[in-house]
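Structure in structure tokens, see below.
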Amino acid sequence: MNRLRSTLASLALLTGIAAQAHAEPALLEPAQVIADASLPAAQRDAQILAARRYASFWNSGDPALARAALAADFTDRTLPAGRVQGIEGPLQASKTMKTAIPDLDCHIEQLLVAGDRVVVHLRFRGHFSGRFQQVQGKGQTVEFIATDIYRVVDGRIADNWHIEDNLTLLRQLGVLGG
């Protein structure tokens with residue numbers, strides 16, 4: 001009987017570990033959420049979840065988070081030069097950033113929800129210890145902000161308009177002087 005209990009306890013432990021391995025990783029918590037009180041709770045919560053998943057993707061680089069956050073027909077409405085349209089664009093951009101700044105950390109400063117839109121103010125920090133274009137990092141601190149406007153449909157980000165403080169970032173990376 002003791003052997004059976006031990007076997008069952010081991011099986012329960014292994015099942016719990018396997019379930020955790022397939023569970024969604026911990027998502028970033030916004031420092032502040034401002035939401036239109038007239039929105040149905042389910043819609044508001046789905047929009048917040050999509051935004052948190054996408055910010056968590058930028059934090060971790062986990063492609064599964066981007067795929068969970070973005071609609072299959074995701075459109076970047078402010079597509080940077082050289083970036084591929086659709087989900088593959090952010091996946092490649094994240095790889096580039098994580099190569100240059102392996103410890104890149106993202107925080108959600110503010111998250112605003114109104115209608116089918118979510119506005120997210122993000123702050124990024126890390127150390128440039130990798131490589132970006134022709135420049136090798138020396139461990140210097142990097143800190144910059146980004147603001148995104150998402151249109152969320154059925155709990156997924158369908159459109160994104162974004163602006164990053166790329167001037168500050170490129171100066172900190174040593175790509176631009178000044």
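Answer yes if at least one residue in the range 134-147 is of a type outside the set (A, V, I, L, M, F, W, C), closer than 19 Å to LEU27 by Cα, out of contact with any helix residue (DSSP H, G or I) (no Cβ under 8 Å at 6 or more places or on another chain) and surrounded by 15 or more Cβ atoms within 10 Å (Cβ to Cβ), and no otherwise.
Checking the range 134-147: at least one residue is of a type outside the set (A, V, I, L, M, F, W, C), closer than 19 Å to LEU27 by Cα, out of contact with any helix residue (DSSP H, G or I) (no Cβ under 8 Å at 6 or more places or on another chain) and surrounded by 15 or more Cβ atoms within 10 Å (Cβ to Cβ).
Against the definition (assigned to a strand (DSSP E or B) and without any contact (Cβ under 8 Å) to a residue 24 or more places away in the chain), how does ARG123 come out, yes or no?
yes
Then there is this: Scanning for something modelled with pLDDT of 95 or more, closer than 20 Å to ASP159 by Cα and more than 14 Å from the chain's Cα centre (by Cα), does the range 61-71 turn up at least one residue?
yes
Which residues, taken from the range 104-129, are touching a His at 6+ places or on another chain (Cβ under 6 Å) and within 14 Å of GLN172 (Cβ to Cβ)?
Listed by number, the list holds a single entry, ARG123.
Let me ask you something else. Can you name every one of the helices (runs of 4 or more DSSP H) wholly within the range 20-108 that holds 2 or more residues which are among the charged types (D, E, K, R)?
Counting at least 2 such residues, we get 41-60, 88-100.
Evaluate the following for VAL153: is it aliphatic (A, V, I, L, M) and closer than 24 Å to ALA69 by Cα?
Here the answer is yes, as VAL153 does meet what is asked.
The values are calculated or read from the model by the stated rules, or taken from the named source; none is laboratory data. Keep in mind it's a predicted model, so treat the numbers as computed, not measured. Using ideal geometry, Cβ is built from the backbone for each residue, glycine included, and neighbour counts are taken over all protein chains shown.
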